[in-house]
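Taking it in order: structure first as structure tokens, then the write-up.
The values are calculated or read from the model by the stated rules, or taken from the named source; none is laboratory data. In this text the structure is predicted, and so the values were computed from the model without any measurement. Here the Cβ is made from the backbone with ideal geometry for all residues, glycine too, and neighbour counts use every protein chain on show. For the accessible areas, the whole protein counts, side chains as well, though only heavy atoms, and no ligand, DNA or RNA atoms are used. Shrake-Rupley method; radii C 1.70, N 1.55, O 1.52, S 1.80 Å.
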Amino acid sequence: MLRTLGLLGIVVGLMAAGSPAWSEDTIDLTEGWRFTPDPDGTGESKGWAGVDVDDSSWATIRGGIRWEDQGFPGLDGVGWYRKRIAVPERMRAERIWLVIGGLNDTGTVYCNGENVGAFGDDQRRISVASTPIVVDLASKIRWGQDNVLAIRVMGWGKGDGIMGKVCALTTDPDSLAMRSLLRFVPGFEGKGSVVGLDVASLGMRDEVKVRFSAAVNDAAPQEHDAALVVDHSGHALAAATFDLAPQPGDRVQLTATATGDGAPMVLERTYTWPAAPGWSGKYKKLRVLNNFVTELLAVERVPKDKKRYAFLNPREGWVFVGVQGNEGATATLDDEKQPLVWRKNPETGALEAMRHLAEGKHRLVLNGAKGAALDVRAVPEIAFCYWPTKAVLAPLPPRDRAFAERYIFPVSNTLLTHNDMTDEEFDAWRAEGRQWLNNSSLPGLDDKEAPSVDSVYQDWATNPVVTRPGYAGLIVDEFIGQSPEHYAAWTAAIEKLYENPGFKDKTFYAWVVDTHEMDHGLALMKKLYALGGRFAWERYLHEEPTEEVAMLRLYDDLGALEDWGAQMPGLNERLVYCLGSFTTPSCSLNINPGTNYLPFMDRQFQALSTDPTFFGSRGVFQWAAHYTDDDALRYAQSLYRHYCIEGKRTPFRDFPYVLTHVDNPDFANGLDGWRVEAAANGVTPGEYEGFGRIEGRWADVGDRCAVAVRSDQAPNRISQTLKNLEPGRLYSLKYIAGDLEHLGAKEEVGLWAELNDVDVIAERGFRYVMRSSFALEHKEFNREHPAYTTYVQVMFRPKGTTAELTFSDWKDGKPAGPVGQRIGFNFVEVMPYFE
């Protein structure tokens, strides 16, 4: 049943998160929780939610810090929090709210023994770890008396408990430093603005209707009704797109009204449209093209007698020099004797170079450039991860030197490596003025006991970055959840490394996720910041069912910068965004065959390039080429040029996000949309727990499938008409099949796709027996004992707007594998191929 909260006129704005400045109408609940594990799950039957429970023997811990760091390092399962609070009579109000930054992973809240809300779902593994929640306690509070709050938390991974920096009882939610429950994605450069609401924040589930309105200043509001969309974490989100045209300083008034079987809930928020970013002081006249690129010099046609030019570089960092129209041109910088080493643009033939320069004034001398166009721009650090690279999916085209010269090297100024390049490559790249970073692991990351400072230091001190001249820095993988003792050792080892003469003038890059949310993680970051280090911030975002929801999740994810930046001013100068490009099994963000990951990559780059929040960011790269599909890898390199060199603000390609060629492509709705010709044992809808993880999907999806049991009498055939095809365009068909009873066997599964009314490009297709990911374990399958599935790609050009697709477990008139084999298959993805 829908539980309503009567949330009337509450404004929860997007505020800088730091130490909360509590108002007199707020009680901070962070400290002093009584806590005990509930390994048998019997706390409810024992009445632990009640008022008269003796919890004096329970541990005392605080909210906002995972229970693993407060004396319960091995606890997975249920834990109970209890707290007695006196609510003074002066706080009596129509509404008083319990506000919590998140519960990792699910929770049930009790006030004075009564259940007042359940958040998340244990059975469906729907977590509210990063979902702010609010509960109206007005009808349950005993004013002027002691009250008992109890929270039953279920955790099924690392970092469990009451999370987030906010845990309070308040009559004034607007005073709390937390992200807005009403989410907003501003539409820069002509894109629509998206407004959204996660109904899990309000404890709401089914049968909810949401109406959004948006207005600029005092203009009449636009209104949209929004259907609920279940995202890939299981949360029901409402979202709507508005066509707004505000100017800098305009107020965008946002409202969401959620209704169910009770009183409506109203959320309001005001967003002030930001001014375009720019440099200050002597650099303020420089033309900012986007957040990554600033024009320093632009000459449409170099005169015959003009050779010397000067430009200002607004910060220490990378500068791009391009000359187009005269292949005989040479250029030197400042007092250097050697000319710039040009690299030709593979599309235009322009001569290009990138150099790392100090802030301030620089000189450029051109020779032989008469009539050419000259462009000098400040650009971000653009890294490729990793070189050399070899696709995990062996049948993909080779990423050899010729591939790199065509696609990778022209748009990169930084190469990440594992020290397996040749000496010739190493020296040639440095001769261009570009840089190498070498990778290192993080000693002790996977160990229960913290490592010694010396063991960590010795590991890094023997890295080629220290022992071999020419490297620019060390990038360490990765600073995620671990104990304060681990972080103390790592911090001390970083300090020691910076004292090593072999590390002089080199930079330490820390790969981080949400490290700043831990006090000991933040302490390490501040120390590294003081030493001049940088942060490679992992933002690995998978597909969502709609583009609106995908953008909400993108901004929700990037919104952590608000909190982090408030604690570390000037953070953007040290921040390199590490986005995800991994799109192939067995490690993939491409988790939904009904959506196209390429335009989602585009939107991530566009957000970073156009939202003023991200102005001045140090750089950007993607992890990782060896798990990236062929067209996605080439597409990514095009995005680097489009946004990070050319300084564009509009999308690179107007590809649709939702793929409409196949209905029910993942069999989420059983066999709906498919025509079935079943043999003796039939074709049925099925579900195999963990099948999606075995396939390498970076989310808990993909367990549903079609199941065909092979017969020796006749084939099982399942077919559908592909729609909305563009004649002559190149498409890829992909699907994954596994033997559900023998997933540990490394054998090809004989399920074949037939396509009619198309030209199949046979040499571009493949069948590949694929092992499960090293990182995604499931039941008996792990690094030592992998599972195997068969991954198939078919390339084709349709002759018309439709085509017939048929799957069969026979080939050439006979069974294509063992009779009786139970074949589960899904992920039927048909999408345009980026040529």
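For Asn572 and Ala220, FRET efficiency with R0 = 51 Å and r from the beta-carbon atoms, rounded to 0.05?
Details: r = 37 Å, r/R0 = 0.73.
Computed FRET efficiency for Ala220 and Asn572: 0.85.
Set the Förster radius R0 to 51 Å, insert the Cβ-Cβ distance between Glu114 and Ser280 as r into 1/(1 + (r/R0)^6), and round the FRET efficiency to 0.05.
Details: r = 56 Å, r/R0 = 1.09.
E between Glu114 and Ser280, to the nearest 0.05, is 0.35.
GluC sites (Glu not before Pro) within the stretch 598-700: which are DSSP loop residues with at most 16 other Cβ atoms inside 10 Å? Write down the numbers at each step before the final one.
Values: sites: Glu646, Glu677, Glu687, Glu689, Glu695; in loops: Glu646, Glu689.
Loop-located and lightly packed - Glu689.
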Task: Net charge dipole size for the chain [Lys, Arg +1 and Asp, Glu -1 on Cβ; Debye, nearest 20] - done: 2660 debye
Task: Rounded to whole Hz, the Karplus (6.51, -1.76, 1.60) HN-Hα couplings of the stretch 477-494, x for glycine and proline - done: 10, 8, 8, 10, x, 7, 6, x, 5, 4, 5, 4, 5, 5, 4, 5, 5, 5
TODO: Can you spot the lysines whose alpha carbon is less than 27 Å from Lys284's alpha carbon? Ignore those fewer than 8 places along the same chain.
DONE: Lys306, Lys307, Lys361, Lys648
TODO: For the stretch 632-711, build the charge dipole from Cβ charges (+1 Lys, Arg; -1 Asp, Glu) around the Cα centre, then report which of Ala708, Phe655, Val676 sits farthest towards its positive end.
DONE: Phe655
Task: Calculated mean projected area of the Cα convex hull in nm² (choose from [x] 38.4; [y] 50.4; [z] 43.4), label - done: [x]
Open item on the list: With +1 on the Cβ of every Lys and Arg and -1 on the Cβ of every Asp and Glu, and nothing else charged, how large is the dipole of the stretch 335-477 about its Cα centre, in debye rounded to the nearest 20?
Closed with: 800 debye
Task: Restricting the stretch 77-155 to GluC sites (Glu not before Pro) in coil, as DSSP defines it, with at most 15 other Cβ within 10 Å - done: Glu94
TODO: Among Thr272, Phe320, Val760, pick out the residue whose Cα is farthest towards the positive end of the charge dipole of the chain, where Lys and Arg carry +1 and Asp and Glu carry -1 on C-beta, about the Cα centre.
DONE: Phe320
Task: Relative contact order (percent, whole number), the chain, Cα cutoff 8 Å, 6+ residue spacing - done: 9 percent
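Computed FRET efficiency, Cβ-Cβ of Lys504 and Ala428, R0 25 Å: what is it to the nearest 0.05? Mind showing how you got there, number by number?
On the way: r = 24 Å, r/R0 = 0.96.
Here the calculated transfer efficiency is 0.55.
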Open item on the list: List the residues, sorted by chain then number, that are 5 or more residues from Leu442 or on another chain and whose placed amide H is less than 5 Å from its amide H.
Closed with: Asp477, Glu478
Task: Linear extension gain, Glu495 paired with Ile761, 0.36 nm per residue minus alpha-carbon span - done: 90.2 nm
TODO: List the residues whose amide H sits under 5 Å from the amide H of Phe384, counting only those 5 or more places along or on another chain, with H placed 1.01 Å from N in the peptide plane.
DONE: Thr414, Leu415, Leu416
TODO: Sort out for me the Cα centre separation of the stretch 106-131 from the stretch 578-608, rounded to whole Å.
DONE: 31 Å
Task: Dipole magnitude (debye, nearest 20) for the stretch 204-313, charges at Cβ of Lys, Arg, Asp, Glu - done: 1380 debye
Open item on the list: 5 Å is the cut-off here: which amide hydrogens, built 1.01 Å from N in the peptide plane, fall below it relative to Val701, excluding neighbours closer than 5 in sequence?
Closed with: none
Open item on the list: Please list, by residue number, every one of the trypsin sites (Lys or Arg not before Pro) in the stretch 695-725 that is coil in DSSP and has at most 13 other beta-carbon atoms within 10 Å.
Closed with: Lys723
Open item on the list: Please list 3J(HN,Hα) in residue order for the stretch 408-415, calculated via the Karplus relation 6.51 cos²θ - 1.76 cosθ + 1.60 where θ = phi - 60°; whole Hz, with x for glycine and proline.
Closed with: 8, 4, x, 10, 10, 10, 9, 10
TODO: Would you calculate the separation in nanometres between label points at Val676 and Thr30, each defined as 7 Å from the Cα along the Cα-to-beta-carbon direction?
DONE: 5.6 nm
- [ ] Mind jotting down the distance between the C-alpha centroids of the stretch 779-835 and the stretch 136-199, whole Å?
- [x] 44 Å
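Of all the accessible heavy-atom surface of the chain, with the other protein chains kept in place and a 1.4 Å probe, what percent is carbon and sulfur? Could the numbers behind the result be given before it?
Working: 15530 of 32940 Å².
Using a 1.4 Å probe with all protein chains present, the chain comes out at 47 percent carbon and sulfur.
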- [ ] Work from the charge dipole of the chain (Cβ charges, +1 for Lys and Arg, -1 for Asp and Glu, about the Cα centre) and give the residue of Thr515, Tyr386, Gly473 farthest towards its positive end.
- [x] Gly473
TODO: Per residue of the stretch 447-452, in order, report the coupling 6.51 cos²θ - 1.76 cosθ + 1.60 (Karplus, θ = phi - 60°) as ³J(HN,Hα) in whole Hz, putting x for Gly and Pro.
DONE: 9, 5, 8, 5, x, 7
- [ ] Roll a 1.4 Å probe over the protein chains and send me the accessible area per residue for the stretch 603-708 in Å².
- [x] 33 Å²
